[in-house]
Amino acid sequence: MIAHREGRGGHARPRCLSGASERLCFALLLALLCLSNVSWAQQRRAFVLAPDKGPALLKQCSRDTPQGVDEFWMPSPGEVTELEARLAPFLKAGPSGREVLPLDQYHRQYIGFTKQGKHYIYGSFYTVPGAFVANYEATEPVLVCDGGSHFWGIVFSVDSKTFMDLAFNGIG
């Protein structure tokens, strides 16, 4: 049960009543706060770029990217969610032989593309020191030369649900 008591300035503030209720109220508020922050952070780190940005995203200077693309398109939120759900187990299997940070430490940009009638999503993953690229990463490709395993890209086949062409930036 919640009661109101008058705070500074005569405004009513909600207050939990008993000690057990206060702890429960605090735990629920903390859980809601944590859930909303995690959701916001996850959404903030993954960006789907407009199709006209596809050619620029594929011009990474120190790693291979898909070639011979027929057209670009925007992946749906469901397609990106599926890609990310399958990616962690794929990377844990160690196909590259290189150590990759946990996925939640990367920002990423996605673009869909079609090649020879098949649908793919290209993901570009990068770590961000502070707010380095926060002002444009939602709309413009992030291009970084070198950086090793802190910067990499991968192709996901929407049709076969498989990954291919994992490529890391050069060490430089």
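Quick notes on this one:
- In straight-distance terms, cross-link reach from Lys161 covers every one of the lysines whose alpha-carbon lies under 20 Å from its own, apart from those fewer than eight places away in the same chain; here that gives Lys92, Lys115, Lys118.
- The ranking of Glu137, Glu71, Glu84 from fewest to most other beta carbons within 10 Å of each one's beta carbon is Glu71, Glu84, Glu137.
- Cβ-derived FRET efficiency at R0 30 Å, Arg86 paired with Thr127, nearest 0.05: 0.90
- Listed from fewest to most Cβ neighbours within 10 Å, the set Lys115, Lys53, Lys92 follows the order Lys92, Lys115, Lys53.
- Residue exposure sequence - Arg63, Arg108 - by fewest surrounding Cβ within 10 Å: Arg63, Arg108
Read-outs: derived from the displayed coordinates by stated rules, not from any lab. Treat the numbers as computed from the prediction; the structure is a model and nothing was measured. All Cβ positions, glycine included, derive from the backbone under ideal geometry; neighbour counts span all protein chains shown.
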